[in-house]
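The values are calculated or read from the model by the stated rules, or taken from the named source; none is laboratory data. Remember, predicted model here, so these are calculated numbers, not experimental data. Every residue, glycine as well, gets a Cβ built from its backbone with ideal geometry; the counts of neighbours run over all protein chains shown. Remember, those area values only see protein heavy atoms, side chains included, never the ligands or the DNA or RNA. Shrake-Rupley method; radii C 1.70, N 1.55, O 1.52, S 1.80 Å.
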Amino acid sequence: MMKVEDIKREFLSIYGEGDVAVYFSPGRVNLIGEHTDYNGGFVFPCALSFGTFLAVRKIEEKVVKFRSANQDFATKLSFNQLTTPQGKEWVNYPLGVINQFFKKGIELNTGLELYFNGNVPNGAGLSSSAALEVVTAYALNDVLGTDLERVELVKMSQKAENEFVGVNCGIMDQFASGMGKANHAIFLNCDTLDYELVPIELEGVKIVISNTHSPHKLDAGKYNERVAECKAAVEKIREIMPINLLGELSVEDFASVESTITDDVIRRRAHHVVTEIKRTRDAVDALKAGKVEEFGQLMNASHTSLRDDYEVTGTALDTMAEEAWKIDGVIGSRMTGGGFGGCTVSLVRDEAIDSFIEKVGANYEKRTGIKPDFYVAEIGNGASKLN
Ligand code: GLA
């Protein structure tokens, strides 16, 4: 585990002696409720114990310096360069956040030296990008003394990604990174942003994350295509029912209007969203009632819906989930995050964890030729300043 002292030491060796403040914001794993957030539905993610650190110092020179332990690209931008995206570089994430401050009429009253160091596996679909955005928003808010509320910083981080990076993501990842609480998952209504922190007390069961190492691409294409398909479904349904978001429809409502969507692909996309929202609510109810097996069944059903109706899984994720389903002691397993590669999340009984890692690992590698990684998740807190 990385320590604040290490980050500080690295910062000082890059930028020289002096003061430095360190902030942290976590990645997330979503237990259930996938591709529902931008449809105004429910999600159920939790913050992880790994994430992105940001060390910051104010300087007199009117520039912002960007460095990262994870990426080669580094740059120094004068204030008037801060509104221009830098190609496809990682700095667009923090830059996008800085621009959200500008949009609120908040100017930089100081130059900054920034050093990022993240331990979320990149491209694993565990929201390294949200962690990067939220840690920037949280740190800037503190350094500039702007006193914005946490949830406002979360919204700004999402907008940074929408407007500066060009991914039309929903709010789940940034919300989990900003608002998470150790040992709790967040049952979030993505339309109203009302949320409930639900304790995750799984007696004898752990959350295991399996990394397919089949990269979930940072490129926006397929993701934005799904967002557009959901909009197309709403447009069709509006011809007979006044809705703004698929999340307004119950499964029964959808059954009564789905025949109006003549395009089979669009209908299946909407079917996934509407049923996934129900699965998410049911899963949270099951968990609260101590029915963990039922929770697991809903996770499995979520995966098949994402595979068949939403078509965001692909061979790597399907193989990983199928191999997990074969193991005794696996309560449920599904892809997590945006899809097209990345990770699965599984609930696994303590006594089965070793054989899970061994067997799923070997079988997945045999079938795909890729060596996977496994992490037993610890649910951590949202963004914070470290001392
Ligand atoms: C990505 C996006 C989220 C969400 C998930 C799918 O992680 O950033 O907003 O849409 O995909 O549930």
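Data for the structure
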| read-out | value |
| --- | --- |
| Qualifying residue in the range 187-199 (condition: more than 24 Å from the chain's Cα centre (by Cα), exposed (fewer than 15 other Cβ atoms within 10 Å of the Cβ) and polar (S, T, N, Q)) | no |
| Members of the range 340-362 found to be small (Gly, Ala, Ser) and crowded, with 24+ Cβ neighbours inside 10 Å, listed by number | GLY342, SER346 |
| The range 320-363, residues that are among the β-branched types (Val, Ile, Thr) and closer than 22 Å to CYS46 by Cβ | VAL330, ILE331, THR336, THR344, VAL345, VAL348, ILE353, ILE357, VAL360 |
| Residues located in the range 313-334, provided they are part of a helix (DSSP H, G or I) and of a type in the set (Gly, Ala, Ser) | ALA316, ALA321, ALA324 |
| Strands (runs of 3 or more DSSP E) wholly inside the range 1-81 containing at least 2 residues that are β-branched (Val, Ile, Thr) | 21-30, 45-59, 63-68 |
| Helices (runs of 4 or more DSSP H) completely within the range 248-312 that count 2 or more residues being under 20 Å from the mean Cα position of the chain (by Cα) | 264-288, 292-308 |
| Cβ pairs under 6 Å, 6+ apart, first in the range 220-247 and of a type in the set (Lys, Arg), second part of a helix (DSSP H, G or I) | LYS236/THR260 |
| Lone qualifier among GLY18, GLY96 - being more than 30 Å from THR280 (Cα to Cα), of a type in the set (Gly, Ala, Ser) and surrounded by fewer than 24 Cβ atoms within 10 Å (Cβ to Cβ) | GLY18 |
| Condition met for PHE66 (more than 30 Å from PHE295 (Cβ to Cβ), open to solvent by less than 10 Å² (accessible area, probe 1.4 Å) and without any contact (Cβ under 8 Å) to a residue 60 or more places away in the chain) | yes |
| Flag if GLU311 is without any contact (Cβ under 8 Å) to a residue 60 or more places away in the chain and within 15 Å of the ligand (Cβ to nearest atom) | yes |
| Flag for VAL376 being within 30 Å of ARG268 (Cα to Cα) and at pLDDT 95 or above | no |
| Cross-chain or 6+ apart pairs with Cβ under 7 Å, the range 6-33 first and farther than 23 Å from ASN141 by Cα, then among the charged types (D, E, K, R) and more than 16 Å from the ligand (Cβ to nearest atom) | ILE14/ARG67 |
| Any hit, the range 320-329, residues being touching a residue at least 60 places away in the same chain (Cβ under 8 Å), surrounded by fewer than 19 Cβ atoms within 10 Å (Cβ to Cβ) and away from the ligand (no atom under 16 Å from the Cβ) | no |
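Let's see how each residue does on (1) farther than 25 Å from VAL227 by Cβ; (2) touching a residue at least 60 places away in the same chain (Cβ under 8 Å):
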residue: TYR115; (1), (2): yes, yes
residue: ALA130; (1), (2): no, yes
residue: ALA139; (1), (2): yes, yes
residue: GLU149; (1), (2): yes, no
residue: GLN158; (1), (2): no, no
